[in-house]
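What follows draws every value from the coordinates through simple rules; no lab data is involved. As the structure is a computational prediction, the values presented were derived from the model and not from experiment. So basically every Cβ, Gly included, is an ideal-geometry build from the backbone, and we count neighbours across all protein chains shown.
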Amino acid sequence: MSELKSNIPEGPLKDKWTKHKNDINLVNPANKRNIDVIVVGTGLAGGSAAATLAELGYNVKTFCYQDSPRRAHSIAAQGGINAAKNYQGDGDSNYRLFYDTVKGGDYRSREANVYRLAEVSANIIDQCVAQGVPFAREYGGLLDNRSFGGVLVSRTFYAKGQTGQQLLLGAYSAMNRQINRGKIEAFNRHEMLDLVLVDGKARGIIARDLVTGEIERHSAHAVVLASGGYGNVFFLSTNAMGSNVMAAWRAHRRGAYFANPCYTQIHPTCIPVSGDHQSKLTLMSESLRNDGRIWVPKKKEDAEAIRAGKLKPTDLKEEDRDYYLERRYPAFGNLVPRDVASRAAKERCDAGFGVNKTGEAVYLDFKSAIMRYGKEEALIHGNHNPSDKEIYDYGKKVVENKYGNLFQMYEKIVDEDPYTTPMMIYPAVHYTMGGLWVDYNLQTTIPGCYAAGEANFSDHGANRLGASALMQGLADGYFVLPYTIGDYLSKDIRTGKIPTDSPEFDQAEKDVRDRMTKLMNGSGKHSVDYYHKKLGKIMWNKCGMARNAKELQEAMDEIAELRADFWENVKVPGSLDSKNAELEKAGRVADFLELGELFAKDALTRNESCGGHFREEYQTPEGEALRDDENFSFVSAWEYNDNPREAKLHKEQLTFENIEVKTRSYK
Amino acid sequence: MKLTLKIWRQENAKAKGAMKTYQIDGIEGDMSFLEMLDVLNEDLINKGEVPVEFDHDCREGICGSCSLQINGEPHGPDRLVTTCQLHMRKFNDGDTITIEPFRATAFPVITDLIVDRTAFDRIQQAGGYISVNTSGNTIDANSIPVNKHDADDAFSAATCIGCGACVAACKNASAMLFTSAKVSQYALLPQGQVEAVERVENMVRQMDLEGFGNCTNTGACEIECPKGISLENIARMNREYLSATTKG
Ligand SMILES: Cc1cc2nc3c(=O)[nH]c(=O)nc-3n(C[C@H](O)[C@H](O)[C@H](O)COP(=O)(O)OP(=O)(O)OC[C@H]3O[C@@H](n4cnc5c(N)ncnc54)[C@H](O)[C@@H]3O)c2cc1C
Ligand code: SF4
Ligand code: FES
C-alpha cells in the first residue's frame, strides 16, 4: 500500500501555517494575469475562493448549476459560524477551538489542518463585517454570540437563523465586484461533467450548458472543486434538491482519491418525515438547542396515548417527562454533539417512546426558555410583578427575535404553532465529513486539482461540530487556497494558455457524450426518482445511524444490483439539447449509485465506532461509541475502481502530538 | 384531493407557449406545492410525456430559486412564503389552479415555468458590494460598533432572496423593492457609507437599463414579497438617490 503525502509543514503546530506561507513560492502580479483558474461551485468555499483569486489577479471562471451564484446550497445554513474571537471573555482561544474540533471529530482529523482553521477563524469575522455582513449585535453595538453543541464557550456568530444566507451574499458581493472588473467570468446554469487531465495534471473541465444542452470545453492551469457535499445519496436529506457528488466523483474517476465516504452527519433536530411524497427534509438549526429542551414521555403508556392523539404533550407533568440528554450527559445536556444527540433520539424511539404517528419523533420544548427570558425582560422593562401571561409574552418576543424564521418555517410545514406546543424533531442526513482527499495545501491526488469546502474531507474527522462548516468553507476560500495554489501555479507562469483542441479534451468530451446517450437510451421502465428513492432507502436502513457488517454487505449487493438495473432501465424523457431536469438528475443519481457502494464498503472496512460512524458491534455496555485507535487511527483514501467494492484502500496514518487522545466523553 | 391544473408550457425561449390542462389525484394536504408538481411530473414521465420544468433547489424558502405565479399571485395565496413553502392544505378538493411563470419584460421565459432572472445579478454587479479586499488584512470586527437598531434593519433588508416576486407582482414590473433592499442594507451600516453615492447611482442606472418599469407606489411588491421586505427601503433608496444626484 502506498503512503499518502499530506505535506504537513515541519515545526511546532503554532508556527506551521506562518512558516508555510513564508516558504511557498509566489506568483508575481504581472504573471497572474496569464494564469487561468476554474472554480466549480459558488457556495461559501467556491465563492470566496473565486473572489480572492480574482482579486489577486488570476483569471477566474466560476461554474454553478443554479441560475445565480447566490443560490448555492450554503445559502440555507441557519445557525451560525464559529470563530475563536473570545469576545465573550469565556476562555476561548485558538487552541480551544482546535481542541474542541479534534475531539468533536472523534480524533479522526489532521491536527495541522484543524489548527490552521482555528488560527484563521477570527479573520473570517473581520472580513465579513468589513464586507457589510449584518451579524447579530448586542445593545452596545458589539457582536453577539451563541453556543453550539460539543463546546463550553460561546463562539458562534450569527445572523438570526439566516447566517449562511448573509455570509454567502457577502461572498457573492465580493464575486460581483470582480465580475464587474472583468476578473471573474461566471458560468451559471452550467454543470461540470468531467475533469480533463493533460500530462497527469488537471487542465480543464467539460461542462454542459443546462439551458441549451451544449457541451463545452473550458481549460485552465488549475481546477478548484468546491461543489459541496453528497448527503443526497440518501435521497432524503436537509441538502438542496440539486446537491450532488458529480464534480467530485468525476475527479475521483480521473484519479483523485475519495476519503472516508462513510463519515456522514445525521443531524438530531430536523422536522420528521411526514409521508412517501416527501422530497426533502428541513433542518431546525442546532442553535435551538441553546434554548430548547429535548424530551420524550417517561412512561410508554403516555407515549402511546400521544401517538393515538389522546394526550397532548403540554398536559404531561414535569415529573412524567424524560429529558434524556440532560439525564445521560449532565455536563453538556442538550448541547452534546450531533452524533451523540441523534443516536440518543433513535434509542428512545426504538424503545417505543416516539411521539408522532410514525413513532419517530421527540420533543424540542421552548416553554422553560420562554419563561426564563420573560422574567429577565420583565425586569429590564421595570415590571417587577409580572403575571404569567406577561412573562410569557415578553419571553415569546425574545425567542421570536432569536429564531423567528425557524419557528415560522416549522409552522408552515407542520401546521402547528411551536410557541404553544413543543416542536417534534427527528434526526436526518445533513452533512458529509468525507470527500475528496486533500493534502495540507488542499490539493487532491491529481496535481492541479484542488478541493475546498464540504467537497473535501479535511477538517472535521468523523463528526463535524455545529457552525464549523461555514467557518471551514470561508477559511479554505478566503485564506488558505489562494495562498497554497500559488505555489503550484508558480510553475506555470510560462505555460501559456491551455488549448482545448487536444486529444485529451476530445476524449473527455466523447466520454461525456457517450454516457449521456446511454442514459437517454434506457429501456424506460422507471423514472430517475424511482431509483434515487430506492437507493435512499437502502442507505438509510443499512448505512444510517447504526450499521453492522451483515447489513453493510447486503447494502453493497443491493446497490450494485440497483445500479445495473438503472443503466438498463432508467427512463429519461426530453432531449439532450434543451433544458432537461430529468437528464440532470439521472447523471447525478448514476454517480450516487457508485458512491453508495463505496460508502458501504468504507463503513464495512472500519471495524470501530467513531463520530457519525456507529457500528453496532463496537459499543460500550452503555451504548457509547467504541473507538479502536490502535488499528483505525487513519484516513481511508480510496482509489477508484469501476466496481466500487474493488476500490483500493490507501491509508493516511493520523498522529496526535498536541492533543492527548482520549475517550470522547460528554458526561 | 383531486385538482385541475392549468400550466404554462413553452418549449424554449423562442417557442410560442400556451396553457395546458392536467388532472391530478391523490394530493395530500401535507405535500408542498412543489411536491404536488413532483407527483404530476412522475405521472407525465410514466405516460411518456415531457415533464414540466420549474426552478427550485433548497425547498425551504431561502435560495430564491422557485418562482411560480399561482392563480395570478407570485408564490401563491399564502403570505410570507415562497412557492416551495406553500402547502397543499391551502387548497381544496376539486380546485382549479393556474400556474404560470413570473411575467416581466426583464425576465424572459427560458422554458415552461423557468424565467431568466440574470438582470438581478447584473444590478448587484453594478454596485451591490463594499470594495474591501478579501485577503484578510482588515480591522478587528468589534472596532466598528453598529447601533443594534440599524444592524437589525440592515439585516432585515439583507434577507431579500432575489426571487423576483416583487417584479412579477408589480403592474409596471418595477425592481425597486429588490434594488432598494440592497442599497438599504449598506446605507444603514457605517461600512457602506464610503461608496454610498456611486452605489445607488450605478445600481439604479443598471436597473433602468435592464428594462424594469418605474415605481408608482402601489405597494403590490411588499404584499407579495415572501421575506416581508418593506416599502421603507424604497423610500430610503429614493432619499439616497436624491442626495447622490444633488451631490454629484
Ligand atoms: C439546512 C442546512 C443548514 C446548515 N447550517 C449550518 C450552520 O448553521 N453552520 C455551519 O457551519 N454549517 C451549516 N450547514 C453546513 C453548510 O451549510 C455546508 O456544509 C456549506 O455551506 C457547504 O458549502 P460549500 O461551499 O462547500 O458548498 P455548497 O454551498 O453546497 O455549494 C456547492 C456549489 O457547487 C455547485 N455545483 C455542485 N455540483 C456542480 C457541478 N457538477 N457543476 C457545477 N457546479 C456544481 C453548486 O451549484 C454550488 O454553487 C448547514 C447545512 C444545511 C443543509
Ligand atoms: S424584495 Fe422580496 S419579492 Fe423582491 S426579490 Fe427580494 S425577496 Fe423576492
Ligand atoms: S426552492 Fe429555494 S426558495 Fe423555494
| said: Checking A:ASN383 against (1) outside any helix (DSSP H, G or I); (2) in contact (Cβ under 8 Å) with a residue 40 or more places away in the chain; (3) more than 14 Å from every other protein chain (Cβ to nearest Cβ), only one condition comes out false. Which one? | reply: (2)
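Only one of A:ASN176, A:ASN180, A:ASN113 is free of Cβ contacts under 8 Å to residues at least 24 places away in the same chain and crowded, with 24+ Cβ neighbours inside 10 Å; which? Talk me through it step by step, then tell me what you get.
Working: A:ASN180 fails: crowded, with 24+ Cβ neighbours inside 10 Å; A:ASN113 fails: free of Cβ contacts under 8 Å to residues at least 24 places away in the same chain.
Going through A:ASN176, A:ASN180, A:ASN113 in turn, just one is free of Cβ contacts under 8 Å to residues at least 24 places away in the same chain and crowded, with 24+ Cβ neighbours inside 10 Å: A:ASN176.
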| What are the pairs, 6+ residues apart or on separate chains, where a residue within segment B:155-166 that is more than 7 Å from chain A (Cβ to nearest Cβ) has its Cβ under 7 Å from a residue that is among the β-branched types (Val, Ile, Thr)? | B:ALA157/B:ILE229; B:CYS160/B:ILE229; B:ILE161/B:ILE62; B:CYS163/B:THR82
| note | When segment A:325-381 is checked residue by residue, the ones that are surrounded by fewer than 19 Cβ atoms within 10 Å (Cβ to Cβ) and in contact with a Cys (Cβ under 8 Å, 6 or more places away or on another chain) are A:GLY359, A:GLU360
| note | Listed by first then second residue, the pairs whose first member lies in segment B:12-23 and is within 14 Å of another protein chain (Cβ to nearest Cβ), whose partner is among the aromatic types (Phe, Trp, Tyr), with beta carbons under 9 Å and at least 6 positions apart or on separate chains, are B:GLY17/B:TRP8
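Only one residue in A:CYS270, A:CYS262 is closer than 30 Å to B:ASP25 by Cα and either in contact (Cβ under 8 Å) with a residue 40 or more places away in the chain or in contact with a Ser or Thr (Cβ under 6 Å, 6 or more places away or on another chain) (or both), so which one is that? Give the steps one after another, and end with the answer.
Working: A:CYS262 fails: closer than 30 Å to B:ASP25 by Cα.
Within the list A:CYS270, A:CYS262, the selection yields A:CYS270.
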| Which one of these does B:GLN125 not meet: (1) over 26 Å from B:CYS58 (Cβ atoms); (2) surrounded by 15 or more Cβ atoms within 10 Å (Cβ to Cβ); (3) facing another protein chain (nearest Cβ under 7 Å)? | (1)
| Within segment A:67-110, which residues are crowded, with 23+ Cβ neighbours inside 10 Å and more than 19 Å from A:GLY150 (Cα to Cα)? | A:ASP67, A:PRO69, A:ARG70, A:ARG71, A:ALA72, A:HIS73, A:SER74, A:ILE75, A:ALA76
| field | Those residues of segment A:617-630 which are in a loop (DSSP other than H, G, I, E, B) and out of contact with any strand residue (DSSP E or B) (no Cβ under 7 Å at 6 or more places or on another chain), in sequence order | value | A:GLU617, A:TYR618, A:THR620, A:PRO621, A:GLU622, A:GLY623, A:GLU624, A:ASP628
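If I filter segment B:112-121 down to residues being part of a loop (DSSP other than H, G, I, E, B) and under 24 Å from B:ARG205 (Cα atoms), which single residue comes out as farthest from the chain's Cα centre (by Cα)? Outline the logic, then answer.
Of all residues in segment B:112-121, those part of a loop (DSSP other than H, G, I, E, B) come to B:112-113, B:116-117.
Those left that are additionally under 24 Å from B:ARG205 (Cα atoms): B:116-117.
Working: B:ASP116: 12, B:ARG117: 9 Å.
It comes out as B:ASP116.
Results for (1) within 16 Å of ligand 2 (Cβ to nearest atom); (2) touching a strand residue (DSSP E or B) at 6+ places or on another chain (Cβ under 9 Å), shown as yes or no for each residue.
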{"site": "B:GLU42", "(1), (2)": "no, no"}
{"site": "B:ASN46", "(1), (2)": "no, yes"}
{"site": "B:ASP78", "(1), (2)": "yes, yes"}
{"site": "B:MET88", "(1), (2)": "no, yes"}
{"site": "B:ASP95", "(1), (2)": "no, yes"}
{"site": "B:THR105", "(1), (2)": "no, yes"}
{"site": "B:VAL109", "(1), (2)": "no, yes"}
{"site": "B:ILE130", "(1), (2)": "no, no"}
{"site": "B:ASN137", "(1), (2)": "no, no"}
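Quickly run through segment B:171-192 and pick out the residues that are away from chain A (no Cβ under 14 Å), more than 7 Å from ligand 2 (Cβ to nearest atom) and without any contact (Cβ under 8 Å) to a residue 60 or more places away in the chain.
Kept after step one, since they are away from chain A (no Cβ under 14 Å), are these residues of segment B:171-192: B:171-177, B:180.
Still in the running and more than 7 Å from ligand 2 (Cβ to nearest atom): B:171-176, B:180.
B:LYS171, B:ASN172, B:SER174, B:SER180, listed by residue number.
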| note | Taking segment A:56-65 and keeping residues within 30 Å of B:GLY164 (Cα to Cα) and either surrounded by fewer than 24 Cβ atoms within 10 Å (Cβ to Cβ) or away from ligand 3 (no atom under 16 Å from the Cβ) (or both) leaves A:VAL60, A:LYS61, A:THR62, A:PHE63
